[in-house]
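Here's the structure we're looking at; comments come further down.
The values are calculated or read from the model by the stated rules, or taken from the named source; none is laboratory data. Everything quoted here is computed from the prediction, not taken from an experiment. Note that each Cβ is placed from the backbone with ideal geometry, even for glycine, and that neighbours are counted across all protein chains shown. Keep in mind that these areas ignore ligands, DNA and RNA; they rest on the heavy atoms of the full protein, side chains included. Shrake-Rupley method; radii C 1.70, N 1.55, O 1.52, S 1.80 Å.
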Amino acid sequence: MKQHLLVSACCVLAVTAACLSEHSPSGSPPPPVGAVSVETGYTDSSFFSPPPVVPPDPVPFTLSWQPVEGASSYEVRVYPMPMSASNWDDAVVVASLPAGSPTDAVPVFVQPEVFENTCVGCGLCEAACPHDAITVSASGKAVIDPALCTQCGECFRTCPFDAISDNSYGQPYYFGVCAVSPGGAYSDPVCTSSRYYMRYTNWEQYCGDCAEACYILLDSCGPGCPVDAVWFEDSTGEHPGRVHIDHDLCVQCGQCMIQCHQYGLLTIRREVVEEGPEP
Ligand code: SF4
Ligand code: SF4
Ligand code: SF4
């Protein structure tokens with residue numbers, strides 16, 4: 001998955017270089033934005049509200065920063081390693097917004113990924129992608145070209161089989177923001193020193209104890225957990241009927257959440273977790 005972002009980043013670098021040669025920035029760069037915050041915690045507001053974290057809501061990350069004088073726009077980039085001015089051009093652009101837009105809650109959609117075990121190769125995402133970034137391979141699975149993908153989320157919203165995840169599962173992300181002047185001059189980037197990733201958990205006390213066995217475990221609502229990280233406490237356990245996720249095995253793919261929600265239950269939720277800088 002890291003390779004995906006790196007490949008994508010290389011392409012962005014090439015495109016950026018081409019753009020710079022055509023449009024040289026002019027004027028002074030704006031001052032850098034203040035600190036960039038990334039919202040952590042569960043991405044759904046309430047267990048009892050309508051399920052907001054399954055399609056068509058594709059937004060895993062929410063960023064905020066203080067606007068600055070002299071900026072005509074802001075550019076948000078993401079990278080799997082710590083970012084600074086020295087590798088800013090290698091990072092992938094995930095949001096661009098004009099000054100004047102609210103910067104206190106900017107939704108950021110990152111590189112999506114195809115669940116090969118649930119993709120049926122129908123091609124609807126291929127037709128829907130506005131950037132021709134998806135092809136259905138000879139093996140009948142959709143493949144996203146990260147060099148063409150702009151992380152718009154259209155495929156995620158289109159797939160009738162929920163076979164496209166809203167992020168590169170298991171991928172940690174660093175985020176950075178630059179202010180851009182009307183002449184195209186970039187401020188120094190302000191980047192997070194922490195990295196962030198999606199994590200899926202079972203809200204155990206509300207777990208439905210579906211017919212005395214988890215439907216994810218029974219593969220009744222879909223393909224189940226691809227790495228068998230979901231386990232169920234039987235009658236000999238401390239909390240019989242409770243379903244747990246073994247986070248040592250979990251690869252944060254999100255399929256259990258989709259399946260739990262498809263069954264009408266909402267107990268598997270996703271959260272944004274902050275980790276310290278890369279060890
Ligand atoms: S729309 Fe979904 S199932 Fe169809 S090819 Fe794309 S990813 Fe696969
Ligand atoms: S996120 Fe958008 S650009 Fe990327 S593959 Fe999906 S539809 Fe295409
Ligand atoms: S997120 Fe994916 S790997 Fe983790 S428990 Fe759920 S289905 Fe299994």
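Which residue pairs have Cβ atoms closer than 6 Å, lie 6 or more positions apart in sequence or on different chains, and pair a first residue in region 123-143 that is within 6 Å of ligand 1 (Cβ to nearest atom) with a second residue that is among the β-branched types (V, I, T) and in a strand (DSSP E or B)?
G123/V136; C125/I134; A142/V114; A142/I134; A142/V136
Quick one: in region 147-173, of everything that is in a strand (DSSP E or B) and within 15 Å of ligand 3 (Cβ to nearest atom), which residue is nearest to the chain's Cα centre (by Cα)?
Per the stated criteria, the residue is S165.
Does A71 satisfy the condition of being in contact (Cβ under 8 Å) with a residue 40 or more places away in the chain and not assigned by TED's automatic domain parsing to the domain that holds G41?
Values: in contact (Cβ under 8 Å) with a residue 40 or more places away in the chain: yes; not assigned by TED's automatic domain parsing to the domain that holds G41: no.
Answer is no for this residue.
Which of the following residues is open to solvent by less than 20 Å² (accessible area, probe 1.4 Å) and away from ligand 2 (no atom under 15 Å from the Cβ): Y174, Y186? Don't jump to the end; show me each part of the working.
Details: Y186 fails: open to solvent by less than 20 Å² (accessible area, probe 1.4 Å).
So the residue among Y174, Y186 that is open to solvent by less than 20 Å² (accessible area, probe 1.4 Å) and away from ligand 2 (no atom under 15 Å from the Cβ) is Y174.
If you go through region 111-139 one residue at a time, how many are of a type outside the set (F, W, Y), within 16 Å of ligand 3 (Cβ to nearest atom) and touching a helix residue (DSSP H, G or I) at 6+ places or on another chain (Cβ under 9 Å)? Walk me through it before giving the result.
So the first thing to find is which residues in region 111-139 are of a type outside the set (F, W, Y), and the list is 111-114, 116-139.
After this cut, where a residue has to be within 16 Å of ligand 3 (Cβ to nearest atom) as well, the list is 112-114, 116-119.
Checking which are touching a helix residue (DSSP H, G or I) at 6+ places or on another chain (Cβ under 9 Å) leaves us with 112-114, 117-119.
Residues flagged as of a type outside the set (F, W, Y), within 16 Å of ligand 3 (Cβ to nearest atom) and touching a helix residue (DSSP H, G or I) at 6+ places or on another chain (Cβ under 9 Å) within region 111-139 amount to 6.
Are any residues in region 189-215 open to solvent by 30 Å² or more (accessible area, probe 1.4 Å) and at pLDDT below 70, and if so, which ones?
G208, D209, A211, E212, Y215
If I ask for residues that are in a loop (DSSP other than H, G, I, E, B), surrounded by 21 or more Cβ atoms within 10 Å (Cβ to Cβ) and either within 16 Å of ligand 1 (Cβ to nearest atom) or modelled with pLDDT under 80 (or both), which ones from region 216-264 would you list?
Result: I216, G222, C253, G254.
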